[in-house]
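S.K.: Quick one: the structure is below, and I'll ask about it shortly.
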Amino acid sequence: MILLLLLLFAGVVLMEVPGMVKNKMWRELAVFFIFLVVGMGLSIPQALGLKIPNPTKAIEAIFKPLSDLLKLK
């Protein structure tokens, strides 16, 4: 299963990266690789059956203080 995921990610890279390099889309390429690494980092542990943390909890912890400040009482 891991090999299949790696092949899938490699296929996406082979399809997308040459066009970005040819058109000199360096910022888009950087963002593409950031999302690719995040996607791999989340999908490989899940394929191994490991429990991955829910990102919603972290988002709530970050934005709850801001939300409390903006509440009208």
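S.K.: Are any residues in segment 14-30 more than 14 Å from the chain's Cα centre (by Cα), open to solvent by less than 50 Å² (accessible area, probe 1.4 Å) and closer than 21 Å to MET40 by Cα, and if so, which ones?
M.R.: VAL17, MET20
S.K.: Does ILE62 satisfy being open to solvent by 90 Å² or more (accessible area, probe 1.4 Å) and free of Cβ contacts under 8 Å to residues at least 12 places away in the same chain?
M.R.: Values: open to solvent by 90 Å² or more (accessible area, probe 1.4 Å): yes; free of Cβ contacts under 8 Å to residues at least 12 places away in the same chain: yes.
When the stated conditions are applied, ILE62 passes them.
The values are calculated or read from the model by the stated rules, or taken from the named source; none is laboratory data. Computed from a predicted model, the values in this text were never measured in an experiment. Every residue, glycine as well, gets a Cβ built from its backbone with ideal geometry; the counts of neighbours run over all protein chains shown. Just so you know, the surface numbers come from the protein's heavy atoms only, side chains and all, with ligands and any DNA or RNA stripped out. Shrake-Rupley method; radii C 1.70, N 1.55, O 1.52, S 1.80 Å.
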